[in-house]
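The values are calculated or read from the model by the stated rules, or taken from the named source; none is laboratory data. From a predicted model like this one, the values you see are computed outputs, not experimental measurements. All Cβ positions, even for glycine, are placed from backbone atoms using ideal geometry, and neighbour counts span all protein chains on display. Only protein heavy atoms, including side chains, enter the accessible area calculation; ligands, DNA and RNA are left aside. Shrake-Rupley method; radii C 1.70, N 1.55, O 1.52, S 1.80 Å.
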Amino acid sequence: HIRGFEPSRPANASGWDGADILGQRVPGFVESVLESQHKRQKGFTLRDAAHIVATLQQLISDSEAAILERAYAYERHQMGASLTEQDLQEVLESYMVYWIVGDDEESVEMLLENATLLKTSVPHWEQIVEFARGRVKALEYQRQTSPRAAAADSSSRHNALDARYSFEDAHSVISGITNSFASFWESECAVMKAQLVDMDPHRTGRVPLSRFYGTGLEEEWRFGESEDYLRELGALDETSWLGKQVIIPNYIQAASNCIVAAPHYRVCCFNDCESLLDDIEREIGAPSAAPGAILAVVGNLSSHISVDDDFPPVLDESLSSQLQQIADSHDGEVPLHGRLFAQWLHYAYPRECPFPYTSGSVATVSPFEYGERYIASEDEMKKHAAANATVLDASIGKEELQWMSQWSSEEELIAPVAVRSSRPPWFRSAMLLGGVALLAAAAAFGAGHLGGRKADNRRGAGLFLPTHEKEHFV
């Protein structure tokens, strides 16, 4: 997830907030593209997008090198030194701590100096270490089987007959970690989602806050965010007569569940809605379509949550009616990249597609950025868990639950192409955000879906890890 391209980023039609997207090292060309008069009048071109993606790649590479230098310094190695495999493993372990914990120097030092604390503070630390070692083995295998390719990929002077490693070799290894870590971590995201789905018998994509905290009390480190933090993240639905509920896809994609928060990107859980939207875009082949065409496509798409939960959505009368209302506000066609269609997808696939808030109404704030109140105390969790312990009969239908109570009629579009002349009274605002090409390129660049989690502060860890989120929608 590239920072600044989150759906809840606090940007509006007047600007992309380029400093947020590219951090404090924004090259003049990219800044001029983001804030140019050309952008405001005509949007981004494919060439603009390519330049920005290339710049992001370089910034990420520079960020990796900076963290690697800190790891070298901690392990007391000169950057020009040749490392043994053991030396490299130690550097990589230090690198992973710096990478995951981020700018909290005090926590980094505590973790690096206390192996026991490190294992209890960073979820699955031993598996993470093994993953890093595997990347070293991959480099060694490439040296042995494809020496020319290995030499081309690195400026290292070492080879298969010289089992030592330069700074460039180490950088090559961590670049592989950056590109593949999300896939490694996705199994943890899947376990967490499966637990939430088990608490959602009515298939609304929502879990009562009482059950969320009740399960959190039994877990080592999951499901412990405070109520205020969940609200800030946009993971809390407070519109239902059932009481406060945690929105499953919004929670999965939330900042608190990103295991890495680097200067220019975050490593977060995979967005299940992306593949569904990709299928719809492929079948429709246009930026907008009539409701009937969309219903025909969506009706044949499975949710792909699991092998046991692989069937098309239930497109009842209320969903069909809502889709028609969206089309009526746009001269008969539904824009595929507007907030209202994203909202409709959320109710069609409530466990996969996040509820899209209006721009700026929720925040992508990591635990470290939010502060110590990001975690709920054990007393708060027990209070919520006991407040509403009643379990509704699974036979109660969605309509009886008034499960679409969070529906909002505000539209936002990422491009003016779908704007039509007529707007109904309930269309209160339209934010026309240029840059379809830029968003598509950024989404493709972040397709590694860098995945996530947080450490537990309430069970003796004493630390919290900085972490973060993304989605396709504005």
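Using the beta-carbon distance between ALA138 and VAL297 and R0 = 45 Å, what value does 1/(1 + (r/R0)^6) give for FRET efficiency, to the nearest 0.05? All intermediate terms of the calculation are to be shown ahead of the outcome.
On the way: r = 40 Å, r/R0 = 0.88.
According to the calculation, E is roughly 0.70.
Starting from the stretch 215-288, pick out the chymotrypsin sites (Phe, Trp or Tyr not before Pro) whose DSSP state is loop and whose Cβ has at most 16 other Cβ atoms within 10 Å. Please list the in-between numbers first.
On the way: sites: TRP221, PHE223, TYR229, TRP241, TYR251, TYR265, PHE270; in loops: TRP221, PHE223, TRP241, PHE270.
Answer in residue order: TRP241.
Under a point spin-label approximation (7 Å from Cα along Cα-to-Cβ), what is the SER408-GLU219 distance to one decimal in nm?
My value for the distance between the label points is 2.6 nm.
How many nm is it between the label spots at ALA81 and SER320, if each spot is 7 Å from the Cα in line with the beta carbon?
Label-label distance for ALA81 and SER320, simple model: 7.1 nm.
Between the stretch 37-108 and the stretch 198-213, what's the alpha-carbon centroid distance in Å?
Using only Cα atoms to place each centre, the spacing works out to 38 Å.
With a ≥ b ≥ c taken as the square roots of the eigenvalues of the C-alpha gyration tensor of the stretch 230-280, please select rounded if a/c is under 1.5 and otherwise prolate if a/b is larger than b/c or oblate if it is not?
In terms of gyration-tensor shape, oblate.
Decide, for the stretch 45-94, between rounded, prolate and oblate: order the square roots of the alpha carbon gyration tensor eigenvalues as a ≥ b ≥ c, take rounded if a/c falls under 1.5, and otherwise choose prolate if a/b is larger than b/c, else oblate. Before the final figure, lay out the partial values.
On the way: a/c = 3.83, a/b = 3.56, b/c = 1.08.
The shape class here is prolate.
Taking θ as phi - 60°, what are the ³J(HN,Hα) couplings along the stretch 66-82 by the Karplus curve (6.51, -1.76, 1.60), each to the nearest whole Hz, with x for Gly and Pro?
5, 5, 5, 4, 5, 5, 4, 4, 5, 7, 6, 10, 6, 5, x, 7, 9
Once fully extended, how much extra length lies between GLU186 and ASP103, figured as 0.36 nm per residue of separation less the alpha-carbon to alpha-carbon distance? Display every interim value, and only then the final one.
On the way: separation 83, 0.36 × 83 = 29.88 nm, distance 2.42 nm.
Value of the extension gain: 27.5 nm.
Please give the solvent-accessible surface of HIS51 in Å², to the nearest 10, using a probe radius of 1.4 Å with every protein chain present.
Accessible area, nearest 10 Å²: 70 Å².
For the pair ARG164/GLN89, report the inter-label distance in nm, with labels modelled 7 Å from Cα in the Cβ direction.
Using points 7 Å along Cα→Cβ, the separation is 1.9 nm.
Taking amide H positions as placed 1.01 Å from N in the peptide plane, with prolines and chain starts having none, which residues 5 or more places from VAL334, or on another chain, fall under 5 Å of its amide H?
For VAL334, the qualifying residues are ALA289, ALA290.
Determine which residues of the stretch 332-351 fall in the zone a paramagnetic label at ALA286 would reach in this model, i.e. backbone nitrogen under 18 Å from the point 7 Å along Cα→Cβ.
Zone members listed by number: 332-338, 341.
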